[in-house]
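Asker: Take a look at this one; I'll ask things after.
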Amino acid sequence: MEKVYDLIGIGVGPYNLGLAALLEKTELEAVFFDESEQFAWHPGMLLEGATLQVPFLADLVTFADPTSRFTYLNYLHEQNRMYQFYFYKKFEVPREEYNDYLRWAVNKLGNLRFRSRVIDVVDHVDDDQPCYEAVIEDTGSGKRFSVYGRHVVMGTGSRPVVPKSMDDNYPREDVVHTSSYMDEKEKLVESGSIAIVGSGQSAAEVFLDLLKELDNHSFQLTLFTRSVGLFQLEQAKLGQEFFSPDYVDYFHSLAFSQRIETLTMLDKLRKGIDPDTLTEIYNTLYQKSHGGRKLPVTIQPLTEVTALTAAQGGYKLTCHQWQQDKTFDYPAEKVIFATGYKPAVPEWFNNRYAAKIEWEDDKRYRVMRDYQLAFKQPRQNQFFVLTNLEHSHGAGATNLGLSVQRNVHIINLLAGREVYANQRDTIFQQFSMDGE
């Protein structure tokens, strides 16, 4: 058999990138594969002025190792931007700069392989030399080869969601998901009317960006949201303690039904719009409407878009104001869906492992506290997952700060020792009656 790595990583996003960075101080050998041409973090939503919703301390490594060369502060130091950031006086960093930081980290690591699509992971854990075989396809040449690893970590992220009834292969420049917004923006603003469908942060950011474009372009801008209104994300300090390792411990200990119920109860922490974004939207509307000026803008909550069909001059949105139970049609030349994402679980995963692992329901696999998949037959060679974890690890499953703590769990387990401190007692609240 060829060389066997300690770990094979599938996907190179911030989660696996942070894992690769933290592995540098260990004796573990790992290699990570991604099908993209090069690293890019949500390029379609790198809007000028948009910031992360978490502080800069939630970088790739700081919560585990503030002395690492991969910290955001070291990035600033190497870019000669420390004083500029110091005078900037903001905890949240520009999204474009965060993407640049991640690309900076990618260039410092030698174990990342792009243009490499993982098309299968074969289970050899019952062989004399137990391991996993990752079958890789070079996206340029189409050639295939195998890489072997004792353990696997799957961080395949998420893919855009467009309601099935509306995903009808319309021209990409006409019907856009927010994940591709910046790619199509030039064509969007040249149209006569744009309708945005969605109620979260992405919808608000795109609406604000297009609202500012009304200074230089002329179009009708409409936002339909199914929710009762455009409400802000809960950002109180005690509320933020739900994004802590202590709370993840508590959440994971609950029964599956309790966890699902709790996620709904924590919607204010998970869903909503940054207060600064809402403030800027209102201020922009106010400033543009002085002197009684009528803006070509419509914001309508309580309204679900149930269908999208091609029509003369563009598209027809079938809308339902659900509180009044009234249905109406609305025309738009361009449509933007801010309808979120779903876990990107590869087809080979279901083919190979669905029958071997435990499931909490028909869509959500059982995941151990240390992010190992729960196999029906226990094994020494672990399969870790960083995707589709809200049901097992709570509202913070996609939180950038907690992703570092997740990587600490994985590294310590693989190394068989505490490489990085797995910190607890980090918050002022307790959630369990016994205080654990």
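The values are calculated or read from the model by the stated rules, or taken from the named source; none is laboratory data. These numbers were taken from a predicted model, which means no experiment stands behind them. When we count neighbours, we look across all protein chains shown, and the Cβ atoms used for this are built from the backbone with ideal geometry, even at glycine. Ligands, DNA and RNA are excluded from the accessible area calculation, which covers all protein heavy atoms including side chains. Shrake-Rupley method; radii C 1.70, N 1.55, O 1.52, S 1.80 Å.
Asker: Given an 8 Å cut-off on Cα distances and at least 6 residues of separation, report the relative contact order of the stretch 328-426 as a percent.
Answerer: 17
Asker: Here's something else I'd like to know. Assuming a ≥ b ≥ c are the square roots of the Cα gyration tensor eigenvalues, decide whether the stretch 355-399 counts as rounded (a/c under 1.5), prolate (otherwise, with a/b larger than b/c) or oblate.
Answerer: On the way: a/c = 2.63, a/b = 1.46, b/c = 1.81.
Oblate.
Asker: If you add up the charges near PHE231, with Lys and Arg at +1 and Asp and Glu at -1, over every other residue whose beta carbon is less than 9 angstrom from its beta carbon, what do you get? The partial results should precede the final answer.
Answerer: Working: positive: LYS268, LYS271; negative: none.
So the environment of PHE231 carries a net charge of +2.
Asker: For a quick check of understanding: with a 1.4 angstrom probe and all protein chains in place, what accessible area in square angstrom does THR318 have, to the nearest ten?
Answerer: Taking all protein chains as shown, THR318 has close to 30 Å².
Asker: Let me ask something else. Ordering LYS108, LYS356 by accessible area with a probe of 1.4 Å, largest first, what comes out? Could the numbers behind the result be given before it?
Answerer: On the way: LYS108 60, LYS356 85 Å².
I get LYS356, LYS108, largest accessible area first.
Asker: Something else now. Which GluC sites (Glu not before Pro) in the stretch 1-34 sit in a loop by DSSP (not H, G, I, E or B) and have at most 11 other Cβ atoms within 10 Å of their own Cβ? Mind showing how you got there, number by number?
Answerer: Numbers: sites: GLU2, GLU24, GLU27, GLU29; in loops: GLU2, GLU24, GLU27, GLU29.
Counting only loop positions with at most 11 other Cβ atoms within 10 Å, the GluC sites (Glu not before Pro) in the stretch 1-34 are GLU2, GLU27.
Asker: How far, in nm, would the chain grow between ILE427 and LYS108 when pulled straight, counting 0.36 nm per residue and subtracting the alpha carbon separation?
Answerer: Working: separation 319, 0.36 × 319 = 114.84 nm, distance 3.38 nm.
Value of the extension gain: 111.5 nm.
Asker: Peptides 176-188, 370-382: what's the order by average Cβ count within 10 Å, highest mean first?
Answerer: Highest to lowest by the protection proxy: 176-188, 370-382.
Asker: Under the Karplus relation 6.51 cos²θ - 1.76 cosθ + 1.60, θ = phi - 60°, what is the ordered set of whole-Hz ³J(HN,Hα) values for the stretch 131-146, x standing for Gly and Pro?
Answerer: Once θ is set to phi - 60°, the couplings for the stretch 131-146 become 5, 10, 10, 8, 8, 10, 10, 5, 5, x, 8, x, 6, 10, 8, 10 Hz.
Asker: Now a separate question. Considering only protein heavy atoms and a 1.4 Å probe, what is the carbon-and-sulfur percentage of the accessible area of the stretch 51-136?
Answerer: On the way: 2200 of 4580 Å².
Answer for the stretch 51-136: carbon and sulfur cover 48 percent of the accessible area.
Asker: Also, I was wondering about something else. If you roll a 1.4 Å probe over the heavy atoms of the protein chains, what accessible area per residue do you get for the stretch 164-223, in Å²?
Answerer: 43
Asker: How much net charge surrounds ASN80 when only the other residues with a Cβ under 14 Å from the Cβ of ASN80 are counted, with Lys and Arg +1 and Asp and Glu -1?
Answerer: Values: positive: ARG81; negative: GLU78, GLU97, ASP100.
The answer is -2.
Asker: So for the chain, averaging the separation of alpha carbon pairs under 8 Å that are six or more residues apart and normalising by length, what relative contact order in percent results? Don't skip to the answer; put the middle values down first.
Answerer: Numbers: 782 pairs, mean separation 90.5, N = 436.
So the answer I get is 21 percent.
Asker: In addition: Which cross-chain or sequence-distant (5 or more) residues have an amide H under 5 Å from the amide H of SER36, H modelled 1.01 Å from N in plane?
Answerer: Counting only residues 5 or more places away or on other chains, the set is ARG115, SER116.
Asker: Follow-up question, since we're still on this one. Classify the stretch 72-198: rounded, prolate or oblate, from the alpha-carbon gyration tensor (a ≥ b ≥ c, eigenvalue square roots; a/c under 1.5 rounded; otherwise prolate if a/b is larger than b/c)?
Answerer: It is oblate, given that a/c is not under 1.5 and a/b is not larger than b/c.
Asker: Among TYR132, TYR250, TYR88, which one shows the biggest mean-square fluctuation in a GNM of the chain, springs joining Cα atoms closer than 10 Å?
Answerer: Residue with maximal mean-square fluctuation among TYR132, TYR250, TYR88: TYR88.
Asker: Moving on to the next point. If amide H atoms are built 1.01 Å from N in the plane of the peptide, which residues on other chains or at least 5 residues away come under 5 Å of the amide H of THR306?
Answerer: THR318, CYS319, HIS320
Asker: Apply the Karplus curve 6.51 cos²θ - 1.76 cosθ + 1.60, θ = phi - 60°, to the phi angles in the stretch 190-206 and return the couplings in whole Hz, x for Gly and Pro.
Answerer: Values per residue, Gly and Pro as x: 8, 7, x, 7, 9, 10, 9, 10, x, 9, x, 4, 5, 4, 5, 5, 5 Hz.
Asker: Got a number for carbon plus sulfur as a percent of the stretch 215-300's accessible area, 1.4 Å probe? Numbers along the way, then the final one.
Answerer: Working: 2660 of 5110 Å².
Carbon and sulfur atoms account for 52 percent of the accessible area of the stretch 215-300.
Asker: Once a ≥ b ≥ c are taken as the square roots of the eigenvalues of the Cα gyration tensor of the stretch 247-317, is the result rounded (a/c under 1.5), prolate (a/b larger than b/c) or oblate (a/b not larger than b/c)? List each step's numbers first, then the result.
Answerer: Numbers: a/c = 4.71, a/b = 1.69, b/c = 2.78.
Oblate is the answer for the stretch 247-317, as a/c is 1.5 or above yet b/c matches or exceeds a/b.
Asker: How far is helix 256-265 tilted, in degrees, relative to the longest principal axis of the Cα atoms in the chain, given as a value from 0 to 90 rounded to the nearest 10?
Answerer: Once rounded, the angle reads 30 degrees.
Asker: Okay, next question. Express in whole angstrom the spacing between the alpha-carbon centres of the stretch 65-88 and the stretch 230-246.
Answerer: 26
Asker: Over what distance in Å are the Cα centres of the stretch 130-186 and the stretch 280-310 separated?
Answerer: 33
Asker: Can I ask one more? Would you tally the net charge around PRO55, using a Cβ to Cβ cut-off of less than 10 Å, leaving PRO55 out, and scoring K and R as +1, D and E as -1?
Answerer: Values: positive: LYS90; negative: ASP59, GLU92.
Taking every Cβ under 10 Å from that of PRO55, the sum is -1.
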